[in-house]
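One structure is given here, and the rest of the page talks about it.
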Amino acid sequence: MNPEEIKDLKEWDTKHLWHPFTPMSEYAEEDPLIIARGEKNTLYDVEDNAYLDGISSLWTNVHGHNHPTINKAITEQLGKVAHTTLLGITNKPAVRLAMALTEITPPGLSRTFFSDNGSTAVEAALKIAYQYHRQKYNREPKRSSFITFSNAYHGDTIGSVSLGGIERFHETYRKLLFPTYEVPSTYCYRCPVGEEKETCNLKCFGRLERLLETNGHEIAAIVVEPLVQGAAGMITFPEGALRRLRELADRAGTLLIADEVAVGFGRTGSMFACSQEDVTPDLLCLAKGITGGYLPLAATLATEEIYSAFLGRPEENRTFFHGHTYTGNPLAAVAALASLQVFKEEKTLSGLQPKIKKLWDGLEIFKELHHVGEVRGLGVLVGIEIVHIPLTKRPFPPAERVGHRVIMEARKKGVILRPLGDVIVLNPPLSITSDEIEKLLDVTYNSIKLVTKETAGRYSSVER
Ligand SMILES: Cc1ncc(COP(=O)(O)O)c(C=O)c1O
């Protein structure tokens, strides 16, 4: 691309584009990174500088960019038809994908409702849960509340924001949101009930258990990000916690909604996080990696028990009155089918285990960095929490934007990362190679070391 064109693009970007979750005043002062193409796990900017995609283009890419199998599937479908509606009619890729999802998700989820992003997958799930209790055989119209976890993130539509628990993202919209019962999440590094991880016996679930005893009858569903709360900074669930949640939901006669938008499609080391604890949720939300990171698509899967409550004559109005224009888009559906084919052909999941081991072995030395408070996560999902004072876990002042500065430093060294506050997130494509893991770790380590040392240096030695 010639320098003149690049200059124009940079100018128009800051003049006309409004970037999501981006403080725009500051962004406008930085040199924008304009991506031109991708090849395997590397992205190239308009000047052909290479960057390792350390966050899978916002947790979506699975098998690498420009994968021939996925490209071919999309191109072939494009020669047939790009889009037709699922409202009242159907299309071959959507049918085949619904069938395929039934086969690979936890047993018992037989119905797929398509939408086009993670927020809408969750939005559909919460409306299905709400309507289900009103239409099922033994109706329970009082079940209209949801139990959510602190630090949860389920998307940006008003319904999914209502289920969220991240102050920084959600507080602004508080008055627009419907109330939920929020219970503590398993943020062991800053334990919400002041216990030690090794001996706590899941005491943080106490509030949830008491709540279900007193108010269980009004709960439509418990909503959870299984095993890892991604946007919270990769907060993990202790082993057995998800299974316990399933038991508690069953005992209270309420539904369990598993939001696997971030953790699904191999990120935790298995195809779905729920499978690691043999849990079948009543509703399962999928998006992000579903198309291998190629096109927007989401799915909300339901049990036959839930689905059957929506059957009846049209005039009974039991229909699920919800649907998005691009629901079940054939191009996106063939991309998803091709991604599943690659999982099989490249034996992605079995090949992933040694990579996960290498990643976590390499992360050990991060714990020796003075300002690294905790390194946590599961599979390829990694959160490195940076603190100012390790003893008290005090963060750096927000104005320092330490997380942001770390990822800008990593960018200079050829790796794309994105922070969540002062938690540095690694979430590479499952196709990452051994050499790339080394580069990812090396660059992240050196960027954290440099920025934290420089920042701490500006405070008094007592504070350091
Ligand atoms: C667990 C979870 N649910 C829902 C969403 C929302 O997905 P989307 O951004 O596609 O709307 C996200 C996005 O990060 C997520 O991590």
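Details
- Residues in the stretch 260-285 that are more than 10 Å from the ligand (Cβ to nearest atom) and either on the phi < 0 side of the Ramachandran plot or in a helix (DSSP H, G or I) (or both): 16 in all.
- Comparison of I222, I235 shows that the only residue that is surrounded by 22 or more Cβ atoms within 10 Å (Cβ to Cβ), under 21 Å from R190 (Cβ atoms), away from the ligand (no atom under 11 Å from the Cβ) and touching a residue at least 12 places away in the same chain (Cβ under 8 Å) is I235.
- One residue alone among A333, A298, A338 is within 15 Å of the ligand (Cβ to nearest atom) and of a type in the set (A, V, I, L, M, F, W, C), and that residue is A298.
- Of the residues making up the stretch 41-53, those that are surrounded by 12 or more Cβ atoms within 10 Å (Cβ to Cβ) and out of contact with any Asp or Glu (no Cβ under 9 Å at 6 or more places or on another chain) are Y44, D45, N49, D53.
- Subset of the stretch 98-131 (residues that are in contact with a Leu (Cβ under 7 Å, 6 or more places away or on another chain) and aromatic (F, W, Y)): F114
- Here the helices (runs of 4 or more DSSP H) wholly within the stretch 29-119 that include at least 2 residues being at pLDDT 95 or above and over 23 Å from G230 (Cβ atoms) are 68-78, 92-104.
- When residues of the stretch 106-135 are limited to those that are of a type in the set (S, T, Y) and more than 16 Å from the ligand (Cβ to nearest atom), the one most open to solvent (accessible area, probe 1.4 Å): Y130
- Test for S145: is it within 15 Å of the ligand (Cβ to nearest atom) and not aliphatic (A, V, I, L, M): no
- Checked against the criterion of being out of contact with any strand residue (DSSP E or B) (no Cβ under 8 Å at 6 or more places or on another chain) and over 22 Å from L87 (Cβ atoms), the stretch 113-134 contains one or more residues that satisfy it.
- Among the residues here, E76 qualifies as in contact (Cβ under 8 Å) with a residue 12 or more places away in the chain, open to solvent by 50 Å² or more (accessible area, probe 1.4 Å), charged (D, E, K, R) and within 22 Å of Q341 (Cβ to Cβ).
The values are calculated or read from the model by the stated rules, or taken from the named source; none is laboratory data. The shown structure was predicted, so the numbers you read here are calculated from the model rather than taken from an experiment. Here Cβ is always computed from backbone atoms with ideal geometry, including for glycine, and neighbour counts include all displayed protein chains. Note: areas computed on protein heavy atoms with side chains; ligands, DNA, RNA excluded. Shrake-Rupley method; radii C 1.70, N 1.55, O 1.52, S 1.80 Å.
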